[in-house]
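Data block below; observations after.
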Amino acid sequence: MVQAKPIIAILGGTGALGNGLARRWARAGYPIILGSRSEKRAIDSAEELNVEFDSSVRGFDNISAVSGADLIVLAVPYFQRKELLQSIKAGAQGKVVIDATVPLSPPVTSVRFPDSECGGREAQDYLGEDVKVVSALQNVAANHLADLDHKLDCDVLVCGNDREACEIVIELVGALGTRGWHAGGIDNATAAEALTSLLIFINRRYKIDGAGIRITTGTDD
Ligand SMILES: NC(=O)c1ccc[n+]([C@@H]2O[C@H](COP(=O)([O-])OP(=O)(O)OC[C@H]3O[C@@H](n4cnc5c(N)ncnc54)[C@H](OP(=O)(O)O)[C@@H]3O)[C@@H](O)[C@H]2O)c1
């Protein structure tokens with residue numbers, strides 16, 4: 001039996017990363033809900049995608065987006081996400097939450113970890129063990145995701161305590177057009193989050209518009 005594709009709610013779906021993810025997953029046939037603090041902004045953004053892709057992307061306020069979804073993506077600025085986490089905690093129980101946020105402090109070439117050591121761990125502790133938090137996508141450039149003609153030249157680190165949830169996320173990463181690697185439990189998100197600041201520095205230093213990382217396997221295959 002063919003498994004139905006999960007409904008993905010992207011919170012912060014009106015933003016740069018959210019838009020890039022929505023475009024790629026909509027193209028791959030996933031049902032998408034864009035979440036926003038403003039239902040109108042979400043509906044407007046969804047309509048733009050539907051005109052472009054002949055898809056059925058929907059737009060809701062963040063809380064309604066969570067209740068209608070199988071899987072949730074956090075794509076909002078890290079230092080503004082606490083209120084959002086509070087408001088979605090009940091609706092997220094039992095679901096997979098992909099945390100793509102990075103605790104970057106201005107000028108965003110360094111990370112500022114919370115007391116719980118990384119944003120992924122903090123989200124897991126906050127939402128509770130019944131929410132399967134998977135940290136991923138911190139090292140993919142939003143502009144590259146949004147450009148569907150761009151062949152993604154990077155890998156994605158996927159960290160989480162629930163192996164099955166990580167496999168689901170790896171499949172979604174594949175649908176974006178790149179490869180995901182299960183890279184350990186949620187505490188390992190520390191490394192992925194920290195890498196973002198290195199990549200932003202490299203972008204600026206070498207005038208690159210979206211440096212990424214690759215996992216090599218030590219063979220020519
Ligand atoms: N940009 C990238 O290349 C990239 C790559 C990997 C990871 N990330 C991470 O992904 C997250 C989003 O990045 P972005 O560049 O997409 O950011 P962004 O465009 O600045 O913001 C994304 C969305 O977050 C919502 N938002 C803004 N302030 C908020 C608040 N106080 N509370 C709740 N929602 C708020 C806004 O949506 P509404 O106004 O519609 O609510 C906005 O459209 C960040 O944590 C970033 O570190 C970004």
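From the list Ser45, Ser87, exactly one residue is in contact (Cβ under 8 Å) with a residue 24 or more places away in the chain, in contact with a strand residue (DSSP E or B) (Cβ under 9 Å, 6 or more places away or on another chain) and either among the polar types (S, T, N, Q) or on the phi > 0 side of the Ramachandran plot (or both). Which is it?
Answer to the selection: Ser45.
Answer yes if at least one residue in region 109-117 is under 17 Å from Val169 (Cβ atoms) and either modelled with pLDDT of 95 or more or in contact with an Asp or Glu (Cβ under 6 Å, 6 or more places away or on another chain) (or both), and no otherwise.
First pass over region 109-117, keeping only residues under 17 Å from Val169 (Cβ atoms): none.
Looking for residues that are under 17 Å from Val169 (Cβ atoms) and either modelled with pLDDT of 95 or more or in contact with an Asp or Glu (Cβ under 6 Å, 6 or more places away or on another chain) (or both), one finds none in region 109-117, hence no.
Please determine whether any residue of region 37-49 is open to solvent by 10 Å² or more (accessible area, probe 1.4 Å) and of a type in the set (A, V, I, L, M).
Yes.
Have a look at Gly119, Gly212 and point out the one that is open to solvent by 10 Å² or more (accessible area, probe 1.4 Å) and within 29 Å of Asp70 (Cα to Cα). Don't jump to the end; show me each part of the working.
On the way: Gly119 fails: open to solvent by 10 Å² or more (accessible area, probe 1.4 Å).
From the options Gly119, Gly212, the qualifying one is Gly212.
Condition first: of a type outside the set (Ser, Thr, Tyr), farther than 22 Å from Ala191 by Cβ and not in a loop (DSSP other than H, G, I, E, B). Now tell me which residues in region 86-136 satisfy that.
Correct list: Gln86, Ile88, Lys89, Ala90, Gly91, Ala92.
Among the numbered criteria (1) under 14 Å from the mean Cα position of the chain (by Cα); (2) among the aliphatic types (A, V, I, L, M); (3) over 20 Å from Gly119 (Cβ atoms), which one does Ala192 miss?
For Ala192, the failing item is (3).
Could you give me the residue pairs with C-beta distances under 7 Å whose first residue belongs to region 134-158 and is of a type in the set (Asp, Glu), whose second residue is not in a loop (DSSP other than H, G, I, E, B) wherever it lies, and which are 6+ apart or on separate chains?
Asp155/Arg179; Asp155/Trp181
The values are calculated or read from the model by the stated rules, or taken from the named source; none is laboratory data. Remember, it's a predicted structure, so these values are computed and weren't measured experimentally. Note that we place each Cβ from the backbone using ideal geometry, even for glycine, and neighbour counts take in every protein chain shown. Areas reflect the complete protein model, heavy atoms only, side chains present, ligands, DNA and RNA absent. Shrake-Rupley method; radii C 1.70, N 1.55, O 1.52, S 1.80 Å.
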